[in-house]
Structures are given as C-alpha cells and as structure tokens.
Amino acid sequence: MSGAASAQRGLILPALIVLLGLGGLGWLLAHHDTPADRAARQLAAEVRTTRALASARQALIGFAATYREQGHPTADYGYLPCPDLDGDGSAETCGNQGRSVIGRLPWLTLNLPDLRDGAGECLWYAVSGNVKNNPKPTALNWDSTGSFRLVEG
C-alpha cells in the first residue's frame, strides 16, 4: 500500500467524528425548547380552544333559537340537545326528565365539524335537565331556571 492511501484512511475517522458532531449540534439547535417557543405553543392552543368554544356557543344558541323550525312544530323554543355519551358525535337520550347530564359536545347534531380544544380533546358539554330536549321538562318558559351553580375556587 502506498503512503497516500494510508494517510487517507487515517482521515476517515476524524472526518466522521466532525460530521457526527455537527449533526448532533444541528439536532440540538433544532429541538431546543425556548420559553418563547413554549409561549407560542400555549398561545396557539388557547386560540384554538377559544375558537372552538365560540363555535360551540353559536351553534347551541342557534339550536335553541330554531328548535321549533327543526321538526318540532308544536314545541317551544329554547331546548338544548343532550350530550354525546358514546363518542359518536350525536346527541343521545339523556337520563330522566329534569336531570342534568354531562358528556361531550354533540357536534354532529349541531352540524359542526369535530371541534377540539387546544390540547386536541373533544369539548365537554353539560345540559341542565330544565332545558334539555330529550326527555323534555314539563315546562320551558322565560321563568325556567338552570340547575347549575358556578362556584369560584
């Protein structure tokens, strides 16, 4: 073997070490999680959640405001759908009359896309037994009250 071939063979290992070092440094820089990156992800998640909640709110108001026109000509306005209890996106029959129920937002019933919060989870939804449509309360009018109480803390 000549001296030139022997010298070239000796440079492969240092070149490989330098190449691996540069690759590792590039990977570290690409995956470095700065506080600004975390804040940007948090803000994006909050924006996604806010938009999903706003869409759900509008759809629920629309459902209640048009309940009579949606195939219930003898019913009053104001009823809300029952939650999705089995994960298929559709409202279910939910418990006894007057009993509040919690489940997932019935996005198919509300003609919405599959809304998700900033963490990618389905939206939770609770409906008071005094305004749910299946089974309906004895009476629903301007004097009907909900059955939820929000407590701070």
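Residues in segment 16-47 that are surrounded by 10 or more Cβ atoms within 10 Å (Cβ to Cβ) and among the small types (Gly, Ala, Ser) were compared, and the one that is nearest to residue 115 (Cα to Cα) is 45. The residue pairs whose first member lies in segment 9-28 and is at negative phi, whose second member is of a type outside the set (Val, Ile, Thr), and whose beta carbons are closer than 6 Å, counting only pairs six or more residues apart or on different chains, do not exist in this structure.
Name the single residue that is modelled with the lowest pLDDT among those in segment 20-56 being charged (D, E, K, R) and part of a helix (DSSP H, G or I). Before the answer, list the steps.
Taking segment 20-56 and keeping what is charged (D, E, K, R), we get 33, 37-38, 41, 46, 48, 51.
Checking which are part of a helix (DSSP H, G or I) leaves us with 37-38, 41, 46, 48, 51.
Details: 37: 83, 38: 88, 41: 91, 46: 97, 48: 97, 51: 97.
The extreme case among them is 37.
Which residues, counting only those in segment 71-82, are part of a loop (DSSP other than H, G, I, E, B) and under 15 Å from residue 140 (Cβ atoms)?
72, 74, 75, 76, 77, 78, 79, 81, 82
Surrounded by 11 or more Cβ atoms within 10 Å (Cβ to Cβ), in a strand (DSSP E or B) and not basic (Lys, Arg) - does that describe any residue in segment 129-151? No, the conditions are met nowhere in segment 129-151. Residue 93 falls short of the stated requirement of being buried (at least 18 other Cβ atoms within 10 Å of the Cβ) and either in contact with a Phe, Trp or Tyr (Cβ under 9 Å, 6 or more places away or on another chain) or assigned to a loop (DSSP other than H, G, I, E, B) (or both).
The values are calculated or read from the model by the stated rules, or taken from the named source; none is laboratory data. These numbers come from a predicted model, not from an experiment. Note: ideal-geometry Cβ built from the backbone for every residue, glycine included; neighbour counts use all protein chains shown.
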